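The values are calculated or read from the model by the stated rules, or taken from the named source; none is laboratory data. Fair warning: this is a prediction, and the values are worked out from it, not measured in the lab. Cβ sites come from the backbone with ideal geometry, for glycine too, and all protein chains shown count toward neighbours.
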Amino acid sequence: MRDNYTEPLRIAELAAKVNMRVPSFHRHFKQVTSMAPVQFQKRVRPSGSAPPLALYRQHFITRV
């Protein structure tokens with residue numbers, strides 16, 4: 001999603017890539033990222049400045 005943020009988001013295609021049904025994918029995605037796939041994509045899209053730091057939850061940062 002980060003590499004293709006300009007492309008339309010197709011949840012069914014993402015779910016199929018990981019062999020999940022759409023409801024399961026949506027639920028799992030939200031558990032991992034704390035946001036729905038569409039919300040995540042909106043945050044990933046550049047707003048004209050640096051990528052938002054809100055994308056990186058503290059427990060994912062291991063090196064500085």
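Hey, among Glu13, Glu7, which residue is outside any loop (DSSP other than H, G, I, E, B) and either modelled with pLDDT under 85 or out of contact with any helix residue (DSSP H, G or I) (no Cβ under 8 Å at 6 or more places or on another chain) (or both)?
Values: Glu7 fails: outside any loop (DSSP other than H, G, I, E, B).
Exactly one of Glu13, Glu7 is outside any loop (DSSP other than H, G, I, E, B) and either modelled with pLDDT under 85 or out of contact with any helix residue (DSSP H, G or I) (no Cβ under 8 Å at 6 or more places or on another chain) (or both), namely Glu13.
List the residue pairs whose Cβ atoms are under 8 Å apart, where the first residue sits in the range 26-54 and is closer than 20 Å to Ala16 by Cα, the second is modelled with pLDDT of 85 or more and in a loop (DSSP other than H, G, I, E, B), and the two are 6 or more positions apart or on different chains.
Partner pairs satisfying both residue conditions: His26/Ala36; His28/Met20; Phe29/Ala36; Lys30/Ala36.
Could you figure out which of (1) outside any loop (DSSP other than H, G, I, E, B); (2) modelled with pLDDT under 80 isn't true of Gly48?
(1)
Met20 fails exactly one of the following numbered conditions: (1) modelled with pLDDT of 85 or more; (2) outside any loop (DSSP other than H, G, I, E, B). What is the number of that condition?
Failing condition for Met20: (2).
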